[in-house]
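Student: First the structure, then my questions, so here it is.
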Amino acid sequence: MKFIDYLKDKIIEIVLINLFVIITTLILYSLKCNGWIIFDIVFLIYLVEIINFTSDYIKRKKFYNNTLNLLEDLDNKNLIHELIPETNFIDSKILKEILYETNKYKIEEINKYKNKEKEFKEFIEMWVHEIKTPLSSAMLTTYNNKSKLSDDIKIELDKIDAYVQQVLFYARSEVVSKDYIIKQVSLENVINKVILKHKRDFLLKKINLELKDLDTIVNTDTKWLEYIIDQIITNSIKYIDENPKIKIYIKQNKNDVKLIIEDNGIGIKSNDLPRIFDKGFTGSNGRNNNTSTGIGLYLVKKLCNKLKHNIEIESENGTKAIITFPVGSLTNEIK
Amino acid sequence: MKTILIVEDEEKIREELKNFLTNNGYNVEIITDFENTESEILKINTDLILLDINIPNKNGMYLCKEIRKNLKTPIIIVTSRNNEMDELLCMNYGADDFIAKPYNPLVLLAHIEAVLKRFAPDLDKAIPFKNIKVIPAKSVIKTETEEIELSKNELKILTYLLDKQGTIVSRYELMDYLWNSEVFIDDNTLTVNITRLRKKLEDIGLENIIETRRGQGYIIL
């Protein structure tokens, strides 16, 4: 707030005062008053007005500057009306009132959508939960009636299961609420579980698997991490090349633990690389393999962000996924 | 033979699960009345309870807690809600293991075996063969005069082949079995392990015990 702007704002008052002074002078002059007395009166009027404008300007400038500074520092800008400094001039009170009312309205609107979103998520969770019963039942049936046919069905059932799982995690990742528990988890257990799930592919496609020093504890949510690693391994298996090999190992640093999943598959083209985490992006590999939805890695990135894990994917003679678990910060958060 | 009680309200799953477990050498009990689930469960004498958490008229976790008050029988909870919170709660309510639907039935089997083993470890169980005994709990082969240590893989291979004594076990089947017990070996490693195992058996005078059937697999006669 500049003084000149302030004066422009007060232009009518200034004009009126000048008019008043001119009229007063003319009246006093016509009453044949002493020139000095007229000068004194005019001087006094101006003095009072200058003091009045200046003090008003300072008060307002202080108020608005304070408010703007507060706004800047505030993470949740919605709270500004709670923090506006107390003053005795009417504008500030009105401003406070306006902000309060508009914020209230906005928050109510937001809550309405939050609730809708929550309901939707709950519906999806329920649905996923329901569909798993017939899925389990079908899976058991295939195991109890072994044949070429049931083997084929088994493979399709596994695919259905993967898609159902994807819906669930998509719903979970989109919702603001926090439905994961970060605790100490053995990386080895999580990885073993995921690998076991892909046993069939590993054995049939004769993929060489190298696991090294995985006996490490990290802070994460088991179910989410399982999903993340599962996506990466699914991709590695999907895009294998000759003499397939997948190597999983750990790099322990002072401040973090890096989990590295490396394969010697067809890799990702360098111009696709920056966009692999984008929603719906399938890249040239995906387009050649029409089962790609472009959701898998998008979810991986999103879940990683929520868990505060970092994920990078590099590609050079195969693909290398690196998940970083910070050691210090999260432990403190838990404590 | 161990008895497993299936508490599952979905009839189709119950029947399939019953078949599956019966085929795999368990004695299976079921309950069909879910009005008084708890007392029904307590009536049956069983080695393990497979409890679906979503049974009618009752909160499964609460039920688990109630059973635990009266029985020490191991409980494996089966659920289709796959989140960390549920798993944690189940464990807090006294369940011994937790498996999410839809499960790979072989994995379920592995969980059941593991829990049963934890509860009643067969420390003295020995598999007799010719003039030796294989003792899984100690991972050794015992002859009349000496004890020979086996590595984890060797033990698994030997016990599996002995279990299927007289039938050919394909390399794929053997690897599948090993993978199910979280030994992720590849083709070459399997060959190496078999060679080592044969060498150890030879050392105690048992030559050509594990025969190779070209293109089919291995067999112990």
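Student: Just give me the residues in segment B:50-69 being touching a Gly at 6+ places or on another chain (Cβ under 9 Å) and either polar (S, T, N, Q) or within 14 Å of chain A (Cβ to nearest Cβ) (or both), in sequence order.
Tutor: Once the filter is applied, which keeps residues that are touching a Gly at 6+ places or on another chain (Cβ under 9 Å) and either polar (S, T, N, Q) or within 14 Å of chain A (Cβ to nearest Cβ) (or both), segment B:50-69 yields B:ASP52, B:ILE53, B:ASN54.
Student: Just checking: which of the helices (runs of 4 or more DSSP H) contained wholly in segment A:126-219 hold 3 or more residues that are open to solvent by less than 40 Å² (accessible area, probe 1.4 Å), polar (S, T, N, Q) and more than 10 Å from every other protein chain (Cβ to nearest Cβ)?
Tutor: Where helices (runs of 4 or more DSSP H) fall fully within segment A:126-219 and carry at least 3 residues being open to solvent by less than 40 Å² (accessible area, probe 1.4 Å), polar (S, T, N, Q) and more than 10 Å from every other protein chain (Cβ to nearest Cβ), they are A:148-174.
Student: Now, a different point. A:ILE94 versus (1) aliphatic (A, V, I, L, M); (2) more than 23 Å from A:ILE4 (Cβ to Cβ); (3) within 30 Å of the chain's Cα centre (by Cα); (4) open to solvent by 80 Å² or more (accessible area, probe 1.4 Å): which is the lone unmet condition?
Tutor: (3)
Student: Please indicate, with yes or no, whether at least one residue in segment A:266-286 is open to solvent by 50 Å² or more (accessible area, probe 1.4 Å) and acidic (Asp, Glu).
Tutor: Scanning segment A:266-286 turns up at least one residue that is open to solvent by 50 Å² or more (accessible area, probe 1.4 Å) and acidic (Asp, Glu).
Student: Suppose we filter segment B:1-36 for residues that are within 15 Å of B:ASN70 (Cβ to Cβ), surrounded by fewer than 16 Cβ atoms within 10 Å (Cβ to Cβ) and within 20 Å of the chain's Cα centre (by Cα); how many remain?
Tutor: Qualifying residue count for the region: 0.
Student: Which condition does A:TYR57 not pass, out of (1) open to solvent by 80 Å² or more (accessible area, probe 1.4 Å); (2) in a helix (DSSP H, G or I); (3) not charged (D, E, K, R), if it passes all the others?
Tutor: Only one criterion is unmet by A:TYR57, namely (1).
Student: Also, quick follow-up: Inside segment A:97-125, can you point out the residues that are touching a residue at least 12 places away in the same chain (Cβ under 8 Å) and either among the hydroxyl-bearing types (Ser, Thr, Tyr) or within 14 Å of chain B (Cβ to nearest Cβ) (or both)?
Tutor: Answer for segment A:97-125, where residues must be touching a residue at least 12 places away in the same chain (Cβ under 8 Å) and either among the hydroxyl-bearing types (Ser, Thr, Tyr) or within 14 Å of chain B (Cβ to nearest Cβ) (or both): A:TYR100, A:LYS121, A:ILE124, A:GLU125.
Student: If you take the residues in segment B:83-112 that are of a type in the set (S, T, N, Q) and at the interface with chain A (Cβ under 10 Å from one of its Cβ atoms), which one is nearest to B:ASP47 (Cα to Cα)?
Tutor: It comes out as B:ASN104.
Student: Restricting attention to segment B:144-155, and to residues there that are surrounded by fewer than 16 Cβ atoms within 10 Å (Cβ to Cβ) and assigned to a loop (DSSP other than H, G, I, E, B), which single residue is farthest from the chain's Cα centre (by Cα)?
Tutor: Only one residue tops the list, namely B:THR145.
Student: Can I ask one more? Consider B:GLU113 carefully, then state whether it is in contact with a helix residue (DSSP H, G or I) (Cβ under 9 Å, 6 or more places away or on another chain) and not in a strand (DSSP E or B).
Tutor: no
Student: Only one of these conditions is not met by A:PHE120: (1) within 25 Å of A:SER173 (Cα to Cα); (2) of a type outside the set (Lys, Arg); (3) touching a Leu at 6+ places or on another chain (Cβ under 6 Å). Which number is it?
Tutor: Here A:PHE120 clears every test but (3).
To keep it simple, each residue is scored yes or no on (1) more than 14 Å from chain A (Cβ to nearest Cβ); (2) at pLDDT 90 or above.
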position: B:ALA114; (1), (2): no, no
position: B:LEU123; (1), (2): yes, no
position: B:GLU173; (1), (2): no, no
position: B:LEU206; (1), (2): yes, no
position: B:TYR218; (1), (2): yes, yes
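Student: Which residue, of B:GLU113, B:GLU84, is open to solvent by less than 20 Å² (accessible area, probe 1.4 Å) and in the same structural domain as B:ASP9 (by TED's automatic domain parsing)?
Tutor: When all the criteria are applied, what remains is B:GLU84.
Student: I'd like the full set of residues that are farther than 19 Å from B:PHE119 by Cα, open to solvent by 10 Å² or more (accessible area, probe 1.4 Å) and touching a residue at least 24 places away in the same chain (Cβ under 8 Å), limited to segment B:56-77.
Tutor: B:PRO56, B:LYS58, B:MET61, B:TYR62, B:GLU66
Student: Are any residues in segment B:157-171 open to solvent by less than 50 Å² (accessible area, probe 1.4 Å) and not in a loop (DSSP other than H, G, I, E, B), and if so, which ones?
Tutor: Residues satisfying the conditions are B:ILE157, B:LEU158, B:THR159, B:TYR160, B:LEU161, B:LEU162, B:VAL169.
Student: Determine if segment A:183-200 includes at least one residue that is more than 18 Å from B:ILE99 (Cα to Cα) and small (Gly, Ala, Ser).
Tutor: no
Student: Please find, among B:LYS72, B:LYS12, the residue that is of a type outside the set (A, V, I, L, M) and within 14 Å of chain A (Cβ to nearest Cβ).
Tutor: Of the residues listed, the single one that is of a type outside the set (A, V, I, L, M) and within 14 Å of chain A (Cβ to nearest Cβ) is B:LYS12.
Student: Follow-up question, since we're still on this one. Residue by residue through segment B:185-216, note down the ones that are in a loop (DSSP other than H, G, I, E, B), open to solvent by 30 Å² or more (accessible area, probe 1.4 Å) and under 16 Å from B:LYS156 (Cβ atoms).
Tutor: Once the filter is applied, which keeps residues that are in a loop (DSSP other than H, G, I, E, B), open to solvent by 30 Å² or more (accessible area, probe 1.4 Å) and under 16 Å from B:LYS156 (Cβ atoms), segment B:185-216 yields only B:ASP186.
Student: Looking at segment A:241-258 only, could you name the residues that are touching a Ser or Thr at 6+ places or on another chain (Cβ under 8 Å), open to solvent by less than 80 Å² (accessible area, probe 1.4 Å) and either closer than 22 Å to A:LYS308 by Cα or without any contact (Cβ under 8 Å) to a residue 12 or more places away in the chain (or both)?
Tutor: A:ILE250, A:ASP256, A:VAL257, A:LYS258
Student: Separate question: Name the single residue that is farthest from B:THR3 (Cα to Cα) among those in segment B:37-55 being open to solvent by 20 Å² or more (accessible area, probe 1.4 Å) and not in a helix (DSSP H, G or I).
Tutor: This residue is B:ASN54.
The values are calculated or read from the model by the stated rules, or taken from the named source; none is laboratory data. On a predicted model such as this, the values are computed, not experimentally measured, just so you know. For neighbour counting, all protein chains shown are included, and Cβ atoms are generated from backbone atoms with ideal geometry for every residue, glycine included. Side chains included, ligands, DNA and RNA excluded: accessible areas come from the protein's heavy atoms. Shrake-Rupley method; radii C 1.70, N 1.55, O 1.52, S 1.80 Å.
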